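Below is one structure, written out as structure tokens; comments come after it.
The values are calculated or read from the model by the stated rules, or taken from the named source; none is laboratory data. None of these values were measured; they are calculated from a predicted model. Note that each Cβ is placed from the backbone with ideal geometry, even for glycine, and that neighbours are counted across all protein chains shown.
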């Protein structure tokens, strides 16, 4: 599954039938906090509009580094620009790597030095060597206007090149991360380098908007508040929110403690923290599911999924008529799987930050305890010491429009 090393970032395992999404990136860190230099790209109020492509259980984005073309899964569960470099090594060229290179692209050359040490990471059952380099990055756009529209390009971007896979127990894929905020010693994220404040997926139109200003009006639109799980030790701020109610197979689940949902466009189905999965509170086979979130003004935002193609949506879910042969029905099945979530375990985050140096990802020396103020801030979220976690994938999202105001910590699903 898509499980990162406990030394760094955890994301959900693949919950669909597509093996190509089984592998993902882990969070790594440099010795010192890495700060991104000021952007040379002029400020623009109009968002970039980026096309989405179906690519085997996910939507992908097309991009280029130093004019070499790539595709990567549009992934709200990870933060980095990554490319595959194993395909260019003569001793690793096989029919499989050649086929994957045709899908995701193959980085050739060395790139420019980044000043960041190479790291060895554990990606979903694979021991992977990552080389951190610099190069010119740009996303493919549907609408291009140099004067008025944000241009998602970085002349001197930090990106990771996968150079070595010493153990492969799963499929391979490339993920283009859309998490923005990180702990100080985590590698620079894509969205912080472009300086994106908000994003909007319109999956049926197959577009993604990237904006430097808010996309959810603060006064006119009710929204769901996001919670920052970095307070618990998570290396990046996943797009997480508190679950108000959960229904599975038509019945309300009597949760025994708080639960959070992580919006994860890099996952096909849904992944459930193993404590909840094994608790007996929920069935292990799901025919349908509804997840509700409370909004700022005491309303309800809900997402639903079903194994049926034709199912009348319940309250708050828009009715959308689609042909039965729409490819998304087969691409995004409702599949549920367990995942171990270490974020809330005692001592999580106190280890070295995946680079062999004596520092935690938050910049504190190994062994130094979390300040009590941070503990109080996490308690103030009202989630208890170890909430259940659901990683909500594309089966819940593909018929909707998802907007995330990252800098404001707000989300809508319409």
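Is there a residue being touching a helix residue (DSSP H, G or I) at 6+ places or on another chain (Cβ under 6 Å) and closer than 30 Å to residue 349 by Cβ anywhere in segment 275-288?
Of the residues in segment 275-288, the ones touching a helix residue (DSSP H, G or I) at 6+ places or on another chain (Cβ under 6 Å) are none.
Within segment 275-288, none of the residues are touching a helix residue (DSSP H, G or I) at 6+ places or on another chain (Cβ under 6 Å) and closer than 30 Å to residue 349 by Cβ.
Counting only residues that are assigned to a loop (DSSP other than H, G, I, E, B) and touching a strand residue (DSSP E or B) at 6+ places or on another chain (Cβ under 6 Å), which one in segment 219-248 is surrounded by the fewest Cβ atoms within 10 Å (Cβ to Cβ)?
Within segment 219-248, the first condition is being assigned to a loop (DSSP other than H, G, I, E, B), and the residues that meet it are 219-223, 226, 228, 233-235, 237-239, 243-244.
Pick out the ones that are also touching a strand residue (DSSP E or B) at 6+ places or on another chain (Cβ under 6 Å) and you get 223, 226, 235, 238-239, 243-244.
Details: 223: 24, 226: 21, 235: 31, 238: 30, 239: 26, 243: 21, 244: 16.
The extreme case among them is 244.
Taking the condition at pLDDT below 55 and farther than 29 Å from residue 334 by Cα, does residue 118 pass? Show your work before the answer.
Values: at pLDDT below 55: no; farther than 29 Å from residue 334 by Cα: yes.
So residue 118 does not fit the description; no.
For residue 158, work out the one condition from (1) in the same structural domain as residue 112 (by TED's automatic domain parsing); (2) surrounded by fewer than 23 Cβ atoms within 10 Å (Cβ to Cβ); (3) farther than 21 Å from residue 392 by Cα it doesn't fulfil.
The single condition residue 158 does not satisfy is (2).
Consider residue 227 carefully, then state whether it is in contact (Cβ under 8 Å) with a residue 12 or more places away in the chain and closer than 19 Å to residue 271 by Cβ. Break it down stepwise before answering.
Working: in contact (Cβ under 8 Å) with a residue 12 or more places away in the chain: yes; closer than 19 Å to residue 271 by Cβ: yes.
Taking the combined requirement at face value, the residue satisfies it.
Being over 20 Å from the mean Cα position of the chain (by Cα) and farther than 12 Å from residue 269 by Cα is the filter; apply it to segment 330-347 and report the residue that is surrounded by the fewest Cβ atoms within 10 Å (Cβ to Cβ). Show your work before the answer.
Narrowing segment 330-347 to residues over 20 Å from the mean Cα position of the chain (by Cα): 330, 345-347.
This time we only want the ones that are farther than 12 Å from residue 269 by Cα, so: 345-347.
Details: 345: 14, 346: 7, 347: 11.
Within segment 330-347, the match that is surrounded by the fewest Cβ atoms within 10 Å (Cβ to Cβ) is 346.
Hey, does segment 263-279 have a residue that's assigned to a strand (DSSP E or B), in contact (Cβ under 8 Å) with a residue 60 or more places away in the chain and surrounded by fewer than 21 Cβ atoms within 10 Å (Cβ to Cβ)? Give the steps one after another, and end with the answer.
The first filter runs over segment 263-279 and keeps only residues assigned to a strand (DSSP E or B), leaving 263, 270-273.
Filter once more, keeping what is in contact (Cβ under 8 Å) with a residue 60 or more places away in the chain: 263, 270-273.
Of the ones still in play, those that are also surrounded by fewer than 21 Cβ atoms within 10 Å (Cβ to Cβ) are none.
No.
If only one of 363, 384 is more than 18 Å from residue 227 (Cα to Cα), touching a residue at least 40 places away in the same chain (Cβ under 8 Å) and either in the same structural domain as residue 266 (by TED's automatic domain parsing) or assigned to a loop (DSSP other than H, G, I, E, B) (or both), which one is it?
On inspection, the qualifying residue turns out to be 363.
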